[in-house]
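Below is one structure, written out as structure tokens, with a few remarks after it.
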Amino acid sequence: MTQRVPVQNGQQSVNPRRKQTQKWYMTRKEKITVACLASVTAVLLIAAFVMIYSMVAVPSDDGRILKGVEAAGVKLGGMTVEEAIDALEAAVGDKYSTQSMYVEVLGERIRLSPAYTGADLDFRAVAEAAYNYGRTGSRSEREQAKNYALANSVSIPLTDHLNLDFDYIQSQINELGAKFSTSLTQTEFTLTGAKPPVPAVGPVVDTNKGHQTLTIKLGTPEYDLDIRKLYEQVLECYNIGTFEVVGDCPVRQPESLEAELMSYYNDLCMEPIDARTDPLTSEVIPEVYGYGFHLNEVKDRIAKAAPGETITIQLRYLEPKITQELINNTRFKDTLGSYNISLGTDEAWNKNVSTACLALNGLFLKAGETFSFNDLLGALVSENGYVEAMALQGRVNVLTMGGGVTQVASALYVSVLAAELEILEWHSHPYAPGFAPVGLDAYVDAGKNFQFRNSNSTPIRICAEVVENELRIRIEGTDTGTIALRSPLRSKKPLNPASCTM
């Protein structure tokens, strides 16, 4: 008979058999837990083993360069190392050891000769580098490189396998860069000395003596040449097999000196004035000496000077090209031919004669040069000073714009005949005019011209004027004595022409 154990202190009694069963249950649970942990551990170990194996396992190697790999522009994919060496040698040859590299910056050019750079390409090293692409690093890195080469071109750098004296190249680039290391400065002008009396007249002027000195210190530009970038450009050109490098060099120039130079020129300088003949008195007006400097000569010196250079300009008297002595004693001392003719009372006619004389007077013709009467006078219109005057057209006098210029053409024609110059074009009036002897008139209009050539070996000058109601034409020059037959028209006494009164 089972005996109950009394409950003490409010506790319920525990069945000993149940307690034994509970102990057995806990032990079984622990065993299950241990088994589960062992299974998980085994799975993890297997996964780790697979991972490690995948990292260290070496894939099969066919001994050929991956597709997409190239060097020096040669596609090497699918080649062995030896085949790649042959392909590179055939494509590149000896250009690295024979061709010079040229580097240019803003017109400054240097040559990197292989004799000094030691340039020589190691074809085997390049081929082996191409073969090793995708064969180094972890498996994942190799797989990534292989996939990239399948879809893209991979260029093997040549400079890693090119024998170069990098220190020499750097020194040459540094030396080139030294020419572009100036800081920005502006041009400076300095004037010293006292200005002499201006203008000066006459041959007593000393054109060799300097009176003032203008000093121009040219400004210097600022260059922004990146030496490091240029060096990298050179290496990259070696890498791709090209031998011309043009470096980028932004320049900040000084302000233009044109305005300041023109200011000094306008304030200090006066151009000389040539001697000339007075159209009314036929007297030679003396030359006037200028002062200062010749602007175009200074501009030319500035254009040829280097930045920062100092230009010294002596300001002195400037001699004219044509002097009074030259006119009187050399070129126009002889009258080669002349003709004087009286004018009538028609004021409009005489005005047109005077206007034509103003255009003709003082004209120089070099030896061999051609004269055209119509080209010289231009259009016979009021804008050029001409007016309407009565002139003979056929048998009738009618108002004609520029009427009277044919009298000037006729007087010039007679003078040209007297000077025995070559007549190129001449026309006579349809009816004998009243202002010239028969056969000694010259007719001009829009379609008919009077032209001659200075057939002398020396220049001539035409003087045309109206003095005391008389038209006077004179051809001056140098009588070389080569004319065998003198025309009576060369006499100082003019012909006695008929009156031109209409």
Quiz item: Given (1) within 19 Å of F450 (Cβ to Cβ); (2) surrounded by 18 or more Cβ atoms within 10 Å (Cβ to Cβ), where does G368 come up short, assuming only one miss?
Solution: (2)
Exercise. Any chance you could count how many residues in the stretch 153-206 are surrounded by fewer than 18 Cβ atoms within 10 Å (Cβ to Cβ), of a type in the set (F, W, Y) and not in a strand (DSSP E or B)?
Key: 2
Quiz item: For the stretch 87-97, does any single residue satisfy the condition of being farther than 17 Å from V69 by Cα, assigned to a loop (DSSP other than H, G, I, E, B) and at pLDDT below 95?
Solution: yes
Practice problem: Test T220 against the criterion of being open to solvent by less than 60 Å² (accessible area, probe 1.4 Å) and within 19 Å of L295 (Cβ to Cβ), and give yes or no. | Solution: no
Self-check item: Filtered residue count, the stretch 313-364, keeping only those that are open to solvent by less than 70 Å² (accessible area, probe 1.4 Å), among the polar types (S, T, N, Q) and more than 16 Å from A275 (Cβ to Cβ)
Solution: 8
Quiz item: Where in the stretch 303-420 are there strands (runs of 3 or more DSSP E), lying fully within it, with 1 or more residues that are β-branched (V, I, T)?
Solution: 310-318, 334-342, 370-372, 396-401
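Give me the residue from the stretch 262-284 that is of a type in the set (A, V, I, L, M) and open to solvent by 50 Å² or more (accessible area, probe 1.4 Å) and, out of that set, nearest to the chain's Cα centre (by Cα). Give the derivation first.
Our first condition is that a residue be of a type in the set (A, V, I, L, M); within the stretch 262-284, this holds for 262, 268, 270, 273, 275, 280, 284.
Imposing the further condition that a residue be open to solvent by 50 Å² or more (accessible area, probe 1.4 Å) reduces the set to 262, 270, 273, 280.
Working: M262: 22, M270: 31, I273: 35, L280: 50 Å.
Checking each candidate, the answer is M262.
Just need a number here: residues in the stretch 189-210 that are over 21 Å from T323 (Cβ atoms) and in contact with a Gly (Cβ under 8 Å, 6 or more places away or on another chain). Show your work before the answer.
First, the residues of the stretch 189-210 that are over 21 Å from T323 (Cβ atoms): 189-195, 210.
Still in the running and in contact with a Gly (Cβ under 8 Å, 6 or more places away or on another chain): 193, 210.
Residues flagged as over 21 Å from T323 (Cβ atoms) and in contact with a Gly (Cβ under 8 Å, 6 or more places away or on another chain) within the stretch 189-210 amount to 2.
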Quiz item: Can T310 be described as hydroxyl-bearing (S, T, Y), open to solvent by 50 Å² or more (accessible area, probe 1.4 Å) and either touching a His at 6+ places or on another chain (Cβ under 6 Å) or in contact (Cβ under 8 Å) with a residue 40 or more places away in the chain (or both)?
Solution: yes
Quiz prompt | Hits in the stretch 286-302 (condition: farther than 23 Å from E255 by Cβ and either outside any loop (DSSP other than H, G, I, E, B) or open to solvent by 30 Å² or more (accessible area, probe 1.4 Å) (or both)) | solution = P286, V288, Y289, G290, Y291, G292, H294
Self-check item: Cβ-Cβ under 8 Å pairs, at least 6 apart or on other chains, the stretch 60-84 side among the hydroxyl-bearing types (S, T, Y), far side open to solvent by less than 40 Å² (accessible area, probe 1.4 Å)
Solution: T80/G63; T80/I65
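The values are calculated or read from the model by the stated rules, or taken from the named source; none is laboratory data. This structure is a prediction, so every number in the text was calculated from the model and none was measured. Here the Cβ is made from the backbone with ideal geometry for all residues, glycine too, and neighbour counts use every protein chain on show. Only protein heavy atoms, including side chains, enter the accessible area calculation; ligands, DNA and RNA are left aside. Shrake-Rupley method; radii C 1.70, N 1.55, O 1.52, S 1.80 Å.
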